[in-house]
Amino acid sequence: MDSERAEFVLEAMEAGYTFGYAGKEGTMTVKHDDGRYSFYEAGDPNPEPDSFATTDRTEFLRFLENRSHSGFERSIEVASCSLAFKDLAVGRLPEARTKLERAIRWGAGHAAAGLTLAAAITGDVEEARRHLVAFDDHVGRAGSRYQPFGPMAVFLDQLLDGLYELPRYQQMRDVCTRLLSAAERADVYYARGFAHEQLGALDDAVADLERCVDGELTSTVRVLAWLRLGWSLLELGKAEEALSAAGSGLKLRAHDPQLLQLREDCERALAEG
């Protein structure tokens, strides 16, 4: 491991981040607890575990520089993005950009999604467009690793769900609007429609969700779009249209309990007149 990565690992550990990996290459845990730096690794098929611990920072830094583990490299990429998104969540955009650019340099192409959001938050549409293209290129190469979510939808959904503690729906509505000015995308229409729905702007939610359901989406996001479209239409008193949306979603996922419930609610509303 080069000295830059080793120093990053130490800084992340000291900030409370625990590195871990479990896979066909074995398991690994690296953490900092009560002033003690520790490393544990066991391979497959189960040779003697390798461990090291010290309270001396420089000694542990030198130890890391002599380690090589592909799982560890992936953990470093993930950690760099994770810590960057924490900065993004509290408005530390310069710090977030520095971490994300470093993650990309280390091979974490999905960090371009974070740079896209950072640019959209600041209103730099051209920069957002540039990073969006880079992220799409990365997703195209990575393939199924990003299933079942669409390219930007995974990050937008996480932000909407408050995973990174951003002010939730108003800010994401605005961020999505800026992203859409950079490029019209079905997954971003879905995310903005979700935000509109949560803000109670149901007509706007329906408009965005109707735009996205026939666009380029993964099956999971398309099912969610039909579900949210149906809910919004039903809330607006449009039970027949909501029932049609439920039916379209059920064609993709016949036993989805939420879609089945939506269909039942629509049929009840129609029966009650």
> Since residue 91 meets every condition but one in (1) surrounded by fewer than 20 Cβ atoms within 10 Å (Cβ to Cβ); (2) small (Gly, Ala, Ser); (3) under 26 Å from residue 218 (Cβ atoms), which condition does it not meet?
Replying inline: (3)
>> Looking at the structure I just gave you, is residue 216 under 28 Å from the mean Cα position of the chain (by Cα), surrounded by fewer than 17 Cβ atoms within 10 Å (Cβ to Cβ) and either within 30 Å of residue 174 (Cβ to Cβ) or not assigned by TED's automatic domain parsing to the domain that holds residue 174 (or both)?
In response: yes
>> For the structure I just gave you, tell me whether residue 141 is in a helix (DSSP H, G or I), more than 25 Å from residue 224 (Cβ to Cβ) and modelled with pLDDT of 75 or more.
In response: no
>> Looking at segment 192-250 only, could you name the residues that are modelled with pLDDT of 95 or more and of a type in the set (Lys, Arg)?
In response: 238
> In segment 238-250, what residues are over 27 Å from the mean Cα position of the chain (by Cα), free of Cβ contacts under 8 Å to residues at least 24 places away in the same chain and either surrounded by fewer than 18 Cβ atoms within 10 Å (Cβ to Cβ) or outside any loop (DSSP other than H, G, I, E, B) (or both)?
Replying inline: 241, 244, 247
> In this structure, is residue 108 modelled with pLDDT under 80 and over 21 Å from residue 19 (Cα atoms)?
Replying inline: no
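The values are calculated or read from the model by the stated rules, or taken from the named source; none is laboratory data. Because the structure is a prediction, the values reported are computed rather than measured. Ideal geometry is used to build each Cβ from the backbone, glycine not excepted, and the neighbour counts take in all protein chains shown.
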